[in-house]
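Only the coordinates and a few stated rules stand behind these numbers; no lab work does. Please read all numbers here as calculations on a predicted model, not as lab measurements. For neighbour counting, all protein chains shown are included, and Cβ atoms are generated from backbone atoms with ideal geometry for every residue, glycine included.
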Amino acid sequence: MEEKILEKNKSEIQNNRKFSIIRIAQSDIPTNKKILVGLTYIKGISWAFSNAICKILNLNPTEKIESLNKQDIEKIENFLKKTDSKIPKYLLNRRKDFETGEDSHLIGNDLNMKKEFDIRRLKKIRSYRGLRHAFGHPSRGQRTKSNFRSKGKKKTVGVKTKKRGK
């Protein structure tokens, strides 16, 4: 009899742990997360940007995402498609774009594509940063004497190993 009760409690616990997923801006967000945390699951949205979205759209950041209705989700998606001038420029991830000179905020695949095109452009013009990217070296000024020692397929350079066998 106790075994049946234990099995029943286990199944109830497993059912409570199940959660659904909401899709916002081509990103899956678990509904058991708070709005502030859930928005950071979208690539290109930081904690500060997520907080700004909550304040501008009058959303409670401590509520769960499952409490959002369709209108709130549409408001968030429309806001992400075209960022308002209400957001401070220092929160945007694409300031003074190389091609257009405008300030914008990119998310998801757009962010990946722009980053890839920027690196490709740097490699093409043979700039220092482009060459560092091409050779697989760090491009932000880190020291390389002791770190970044692996070449190619994770073969460390300059490390002696004991010979096995004899």
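Numerical summary
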{"quantity": "Hypothetical label at GLU99: residues of region 53-82 whose amide nitrogen lies under 20 Å (7 Å Cα-Cβ projection)", "calculated": "81-82"}
{"quantity": "Inter-label distance for VAL159 and LYS55, nm, one decimal - labels placed 7 Å from Cα along Cα-to-Cβ", "calculated": "4.6"}
{"quantity": "Histogram of C-alpha separations across region 77-152, 5 Å bin width, %", "calculated": "3, 12, 18, 18, 17, 12, 10, 7, 3, 1"}
{"quantity": "Nonlocal amide H pairs with THR83, under 5 Å, H built at 1.01 Å", "calculated": "HIS105"}
{"quantity": "Long-range amide H partners of ILE24 with built H, under 5 Å", "calculated": "ILE29"}
{"quantity": "Protection-proxy order for peptides 60-71, 43-54, each taking the mean of Cβ atoms within 10 Å per residue, highest first", "calculated": "43-54, 60-71"}
{"quantity": "Shape parameters for region 23-97, alpha-carbon atoms, Rg then Dmax in Å", "calculated": "11.8, 37"}
